Structure formats: structure tokens, C-alpha cells
Amino acid sequence: MYLNVHHASLTRIGEAMDLIFDGKAQRRLMNRPGTTMITRKLDDHDRAILRLLQDDAWRPQREIAERVNLSAPAVQRRIARMEADGVIKRAVAIVDPAAVGYPITALVEVTLADDGSGTVAAMKDFFRDAEEVQQCYCVTGTAGFIVILLVPSMEDYERQTARLFADNALVRSYRTIVVLDRVKIGMGIPF
């Protein structure tokens with residue numbers, strides 16, 4: 001279903017959605033695959049809060065409030081609203097892989113045995129559930145997926161690729177690129 005609405009109407013639609021759905025209902029809808037809620041437009045304060053949270057999600061809200069010139073309760077309400085709207089998905093700790101015994105990063109291009117929707121869906125579920133897969137992207141082009149693996153050794157890489165790719169009937173082929181240096185990593189979005 002496609003909606004054709006003018007930009008000015010989006011705020012009113014977002015406000016109407018707030019009246020129709022409570023926060024729990026909005027989160028349930030946001031968590032359904034392929035569902036996107038219409039959210040309120042982010043203002044300069046929201047963007048400033050997001051910049052600070054992306055830099056350090058553990059930053060105290062009173063400090064954020066001082067830096068964006070709002071009260072701490074106002075910052076707390078904005079963060080809660082952005083969480084309910086699905087703008088903020090989750091807050092995580094970024095761990096240095098080498099410091100915890102995973103010094104090797106491998107990017108793996110995976111070509112599927114066929115392009116059927118059942119095969120693609122099965123591989124999405126498989127990669128989502130595979131603990132050793134740090135990141136997985138379903139992509140266009142000849143490869144069906146790009147998978148990022150963190151491994152402690154090349155022996156572990158061999159074991160993982162046998163299970164994930166070589167012995168997987170849904171995989172036609174795979175190609176690996178081993179990372180020499182993690183020059184820049186992150187999930188931050190520039191505002």
C-alpha cells in the first residue's frame with residue numbers, strides 16, 4: 001500500500017497515529033518485518049540529541065540536556081519518543097574484537113543456489129540465527145548476501161565457512177575478503 005501525502009501532512013498524520021496507537025502498539029507494529037511507521041519530523045534538538053547518543057549512549061541525560069539547551073525531563077521525553085517511533089533501535093556497547101580474542105574480520109560474498117523467495121527467506125533466517133555472523137546484508141547484484149564474520153583464527157574461519165557456506169545446499173559459492181585493518185567502523189548516521 002502506498003500513501004501519497006504532502007510533507008506538511010506528515011506531522012498531522014504522526015500526531016493522529018499517536019492518538020490511535022499507544023507506545024506498545026507502535027512498537028509491535030515497528031517490529032513486524034517490512035513495516036515502517038510514519039514518524040514525527042526530527043527537529044534540531046532531536047538531531048543534536050541523536051548526535052550525542054551516537055557518540056556515547058551512556059552519556060547522562062542531564063549532560064545531554066546542558067549541551068542541547070533543554071531540561072533533562074524534556075530530553076528524556078524526546079529519547080522515549082524516538083525509541084517508541086523506532087528512530088532509536090537500541091543502545092549497545094562497542095567491543096574491540098581483538099581485545100576479546102577475535103582479531104580476524106572476514107567479509108564474505110555469498111551467491112545463492114537460486115534466487116527464489118523461499119531460498120532468500122531461508123538464508124535470511126539462517127544468517128540471523130548464526131551466532132558467528134556479526135553482520136549480514138541482503139544485496140543486489142550477483143551475490144545474494146554480504147556476511148561479516150569475526151574469527152579468532154584462520155582454522156576457526158575454515159570451520160565456520162564449512163558450516164555456513166560450503167556444506168549449505170542453498171549456497172552456490174562464496175568469496176572471502178580478509179580485512180587487513182579496520183580503518184573505520186560504526187553505525188553512526190551523519191546529521
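The values are calculated or read from the model by the stated rules, or taken from the named source; none is laboratory data. Please read these numbers as outputs of a predicted model, since none were measured by experiment. Reconstructed Cβ throughout: ideal geometry from the backbone, glycine too, with neighbour counts over all protein chains shown. Calculation scope for accessible area: heavy atoms of the full protein, side chains included, ligands and nucleic acids excluded. Shrake-Rupley method; radii C 1.70, N 1.55, O 1.52, S 1.80 Å.
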Which number in (1) of a type in the set (S, T, N, Q); (2) touching a Phe, Trp or Tyr at 6+ places or on another chain (Cβ under 9 Å); (3) under 19 Å from G186 (Cβ atoms) marks the one condition that T111 misses? (3)
Give me a count of the residues in the stretch 138-191 that are among the hydrophobic types (A, V, I, L, M, F, W, C) and out of contact with any strand residue (DSSP E or B) (no Cβ under 8 Å at 6 or more places or on another chain). 8
Just checking, does the stretch 166-184 include any residue being in contact with a Lys or Arg (Cβ under 9 Å, 6 or more places away or on another chain), assigned to a loop (DSSP other than H, G, I, E, B) and either open to solvent by 20 Å² or more (accessible area, probe 1.4 Å) or modelled with pLDDT under 95 (or both)? no
Taking the residues in the stretch 130-165 that are of a type outside the set (F, W, Y), touching a helix residue (DSSP H, G or I) at 6+ places or on another chain (Cβ under 8 Å) and assigned to a strand (DSSP E or B) as candidates, determine which candidate is surrounded by the most Cβ atoms within 10 Å (Cβ to Cβ). V147
Quick check on this structure: which one of A99, A93 is surrounded by fewer than 14 Cβ atoms within 10 Å (Cβ to Cβ), small (G, A, S), within 16 Å of the chain's Cα centre (by Cα) and closer than 26 Å to V183 by Cβ? A93
Kindly establish whether L50 is more than 30 Å from A166 (Cβ to Cβ), modelled with pLDDT of 95 or more and open to solvent by less than 40 Å² (accessible area, probe 1.4 Å). yes
